[in-house]
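Student: Dumping the structure here so I can ask a few things about it.
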Amino acid sequence: MTVLETGEKHQELLDELLSDVEAYNSELDRDLLARAFRFAAAAHEGQQRRSGEAFIRHPWGAAKILAELRQDEQTIAAALLHDVVEDTETEIDEVRSEFGDEVTQLVEGVTKLTRIHFQSREQAEAENYRKMIAAMVGDERVILIKLADRLHNMRTIEYLGKQKQLQKARETLEVYAPLAHRLGIHKLKWELEDLSFETLHPRKYEEIKTMVAERRTDREEHVSEAARVLQLELDKVDIPAEISGRAKHFFSIYDKMAKKGREFNEIYDLTAMRVIAERGGDEGTRDCYGALGLIHSLWKPMPGRFKDFVAMPKFNGYRALHPPVIGPPGRPVEILTSKQGRGPSRDWMSLAKSSRARNKIRQWFSRETREDAEAKGREALEHALKGQNLPYAKLRGSATLAQVIRETGFKKADDFYLALGSGKLQPGTIVNKVVQRLKTEQVAEVHPVVRKAPKTQPVSGSDMGVVVPGV
Ligand code: MN
């Protein structure tokens, strides 16, 4: 029978995949994966990738990516089958009778997603696509398979024509990498971003890669010294934890240089360390805060930058503390104290099956998006003010800025920052207004006849920063 013959032709691929999955799943249904692999190999028999390789290498490659993320066997099987309905004569009912409802629903979901054609569009529109995907997909494993599919295609993008390459890379950067980010699968996100970056800006990519390589030893020494000090302290108080260095990725370096006008050194010195508490449950939670206390006693915290995702976990189940500190010797070290920073959580998945849950996801997406835009707005303003030698730290709570905000037509500071972050307001315009106002206030100081400008008054206990008087 042809199914067996074509399957046997690629036996070494199947063996490799089985051993990958068995490494983390000892109760693996080998038969399911073998059948899925042979079914796909037979369906794609005779088809080739642009690279000239047999087509089966593609679904197999996607399945390998998912095995690296330790996904369940239904997900791996569906990844093997993800293109049979779209690209071969196979009907979805054949998949159903061979593999049952669960695998079939995954394959169907991926096929539907594949049929949406994303083109390079405005960032704002990409945002809508992301929301739509989250809303329409009831099972996040579908998105995972789609992400693995895209990642494998990006890894082999060199075989496409130039135009197609640019389009795929843009789409990956605008739609897929942010999706991976939302799901908390950073490994996928970074690789998707770096591959897109390499395609879109090959020269800049090479430049940064070289700079990173030149500084690598230096950075590694710096991280391992800080890690050694911290490990010693953690041992003293019996907090079992694993410490690892976390390299910055090429695209994120470029992104910060391009968007925030920072120098390579400023960004690159922001070395990150990850501390993972080994115990779970309440003990783990206590360990996280214990480690935090230690970190703050060793290094100086960076004011206003601490984030607590342990007390308030992200919706995808990510629980971590982000206590940025100024590390030794005078360089910033970002430390993530994380109990579960690995993959997306199962809770999220089971939640996503009801329509109420899908609503929740939608709300979460818009809230997160809003928060992101607001933070971006604050940073943009801070940076623009810095360019004029104006201290944001002093201005953020001041009556001067509050008046500028009102003058621009905003009643609430967060709406104002949202407008800045989403590009509706230009930071340059705001800085000009601030400068104008400061000049007027100076005149007021010199000529007391004019009403004196209100004093700077920071808002206590609030991150909103600005109180608009009289509103
Ligand atoms: Mn595919």
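Student: Looking only at the range 183-220, which residues are part of a helix (DSSP H, G or I) and either in contact with an Asp or Glu (Cβ under 7 Å, 6 or more places away or on another chain) or among the hydroxyl-bearing types (Ser, Thr, Tyr) (or both)?
Tutor: From the range 183-220, those part of a helix (DSSP H, G or I) are 186-200, 202-220; that's our starting set.
Listed by number, the residues that qualify are Ser196, Thr199, Tyr205, Thr210, Thr217.
Student: Another question, then. Tell me which of these Val110 doesn't satisfy, since it passes every other one: (1) within 15 Å of the ligand (Cβ to nearest atom); (2) surrounded by fewer than 21 Cβ atoms within 10 Å (Cβ to Cβ).
Tutor: All conditions are met except number (2).
Student: Let me ask another. Would you pick out the residues in the range 78-94 that are of a type outside the set (Val, Ile, Thr), more than 10 Å from the ligand (Cβ to nearest atom) and closer than 12 Å to Thr104 by Cα?
Tutor: Within the range 78-94, Ala78, Leu80, Leu81, Glu91, Asp93, Glu94 meet the criteria.
Student: Can you go through Lys168, Lys189 and tell me which one is within 16 Å of the ligand (Cβ to nearest atom) and not polar (S, T, N, Q)?
Tutor: Lys168
Student: Please give the number of the condition Gly100 fails out of (1) within 12 Å of Ala148 (Cβ to Cβ); (2) away from the ligand (no atom under 15 Å from the Cβ).
Tutor: (1)
Student: Ok, one more. Being more than 26 Å from the chain's Cα centre (by Cα), at pLDDT 95 or above and away from the ligand (no atom under 14 Å from the Cβ): is that true of Thr75 here?
Tutor: no
Student: Sticking with this structure for a sec: Residue by residue through the range 19-38, note down the ones that are of a type outside the set (D, E, K, R) and either over 15 Å from Leu66 (Cβ atoms) or under 32 Å from the mean Cα position of the chain (by Cα) (or both).
Tutor: Ser19, Val21, Ala23, Tyr24, Asn25, Ser26, Leu28, Leu33, Ala34, Ala36, Phe37, listed by residue number.
Student: Every residue in the range 221-240 that is outside any helix (DSSP H, G or I), of a type in the set (A, V, I, L, M) and surrounded by 13 or more Cβ atoms within 10 Å (Cβ to Cβ), please.
Tutor: Ile239
Student: Something else about it: Would you confirm whether or not the range 153-167 contains a residue that is at pLDDT 95 or above, in a helix (DSSP H, G or I) and within 18 Å of the chain's Cα centre (by Cα)?
Tutor: Looking through the range 153-167, at least one residue is at pLDDT 95 or above, in a helix (DSSP H, G or I) and within 18 Å of the chain's Cα centre (by Cα).
Student: Gly61 passes all but one of (1) of a type outside the set (Phe, Trp, Tyr); (2) within 15 Å of the ligand (Cβ to nearest atom); (3) out of contact with any His (no Cβ under 6 Å at 6 or more places or on another chain); (4) modelled with pLDDT of 95 or more; which number fails?
Tutor: Here Gly61 clears every test but (3).
The values are calculated or read from the model by the stated rules, or taken from the named source; none is laboratory data. This structure is a prediction, so every number in the text was calculated from the model and none was measured. Don't worry about glycine lacking a Cβ; one is built from the backbone with ideal geometry, like all the others, and counts go over all protein chains shown.
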